[in-house]
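One structure is given below, encoded as structure tokens.
Values in this text are rule-based calculations from the coordinates and carry no lab data. A quick note: this is a predicted structure, and the numbers were derived from the prediction, not measured. Virtual Cβ from ideal backbone geometry, glycine too; neighbours counted across all protein chains shown.
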């Protein structure tokens, strides 16, 4: 098969990681695989790609924002027409809409994958109106949680399939254990991730625990407000914002307690990664995903959304009890390893990617039952 994956960029991120994994998996099966990054200015990637996989950046062009989307849709259409793939698989809401526009009239099979919470993420009215219209044109919809599917209208639920992200980090036994209580968070520095809430909770804990530290890995538009908050609280020596890690697995060694403080998610990939690495994990029960991953108190701590006081209390409790940290970390690692095994997730994607069977190819019995 010839498969084209379409995504926004080639930097660190959940969608980028899944595309990288799928691209290598399908290339190993003998498929011709292309990766098109609609908004990337350069083909340089955070996740390394084998040379057999063709990676292209389509983002250079007009500096005028009002014309930029139209230009990239045209450029994307040109490449898809030239490649004429057996299937196009796109990731993220705006890219999904652009792919549907770019493939109109080309007769291509299109699979759209939603990676964020489309009910709560910020987008213009035009994008919000276009999303369900684009979904109706697609052949299949890949959602990451049951909550996401339940948010779809009835006609779209019929073409939806739930495929979570897989576990890809090393198991807990490979992670260096620490005697200290280092709190860790990872994600884009924007309002969605709730790092302002985490800093407030940590400030409360820091007053009682002079040795506890917090590291937040990531970059984004909220860096300056977060740095100003840290300075205002006088915690410059206790809270670090070192930016994006050089490798996808580097951050798991920097903490003992992981916190997901998001206001909303599509599927919190970093929570899955933290748990698989044996980090005792705390998460707000935001929509969508955390409650499906932390489904019992034995594998992690699930808190009411945006509850700063309860987050501080949970950090306090885990920081003061190394045995509890290790027990929750080990149970979480076992749970996600069994539920989100890479082989299982890749098989689910293979089922979606496989060409649909035609009536003529079915046996008479199969035709009678379809």
Exercise for the section: Could you tell me how many degrees, from 0 to 90 and to the nearest 10, lie between the Cα long axis of helix 93-103 and the main elongation axis, the longest principal axis, of the Cα atoms of the chain? Expected result: 10 degrees
Practice task
Could you tell me how many degrees, from 0 to 90 and to the nearest 10, lie between the Cα long axis of helix 308-319 and the main elongation axis, the longest principal axis, of the Cα atoms of the chain?
Solution key: 70 degrees
Completion exercise
Rounded to whole angstrom, the alpha-carbon centroid of the stretch 215-246 lies from that of the stretch 131-145 at a distance of 36 Å
Exercise for the section: Among 164, 210, 85, determine the one that fluctuates most according to a GNM of the chain built with springs between C-alpha atoms less than 10 Å apart. Expected result: 210
Practice task
Grab the beta carbon distance between residue 68 and residue 310, set R0 = 56 Å, and tell me the FRET efficiency rounded to 0.05.
Solution key: 0.85
Handout entry: With 5 Å bins from 0: P(r) over the stretch 1-134, alpha-carbon pairs, percent
Key = 2, 10, 21, 24, 22, 14, 5, 1, 0
Practice task
Between 256, 237, 350, find the one with the highest GNM mean-square fluctuation for the chain; connect C-alpha pairs within less than 10 Å.
Solution key: 237
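Return a whole-number percent for the relative contact order of the stretch 172-340, with Cα pairs under 8 Å and 6 or more residues apart as the contact set.
Reported relative contact order: 27 percent.
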Exercise for the section: Normalising by the residue count of the stretch 244-338, find the relative contact order in percent from Cα pairs under 8 Å and 6+ residues apart. Expected result: 31 percent
Handout entry: Among 107, 300, 266: highest mean-square fluctuation, GNM of the chain, C-alpha pairs under 10 Å
Key = 107
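Defining a contact as two alpha carbons under 8 Å apart and six or more residues distant in sequence, what relative contact order in percent does the chain show?
It comes to 14 percent, rounded to a whole number.
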Exercise for the section: Rounded to whole Å and ordered largest first, report the semi-axes of the equivalent ellipsoid of the stretch 172-340 derived from its Cα gyration tensor (root of 5λ). Expected result: 22, 17, 16
Problem - Degrees, to the nearest 10: 65-83 long Cα axis against longest axis of the chain - result: 60 degrees
Practice task
Take 81, 223, 182 and order them by how many other Cβ atoms sit within 10 Å, fewest up front.
Solution key: 81, 223, 182
Problem - Computed helical MRE - 222 nm, the chain, DSSP H runs ≥ 4 contributing -39500 (n - 2.57), nearest 500 - result: -12500 deg cm²/dmol
Fill in the blank from the handout: the stretch 172-340: antiparallel bridges as % of DSSP beta bridges, rounded to 5, reads 0 percent
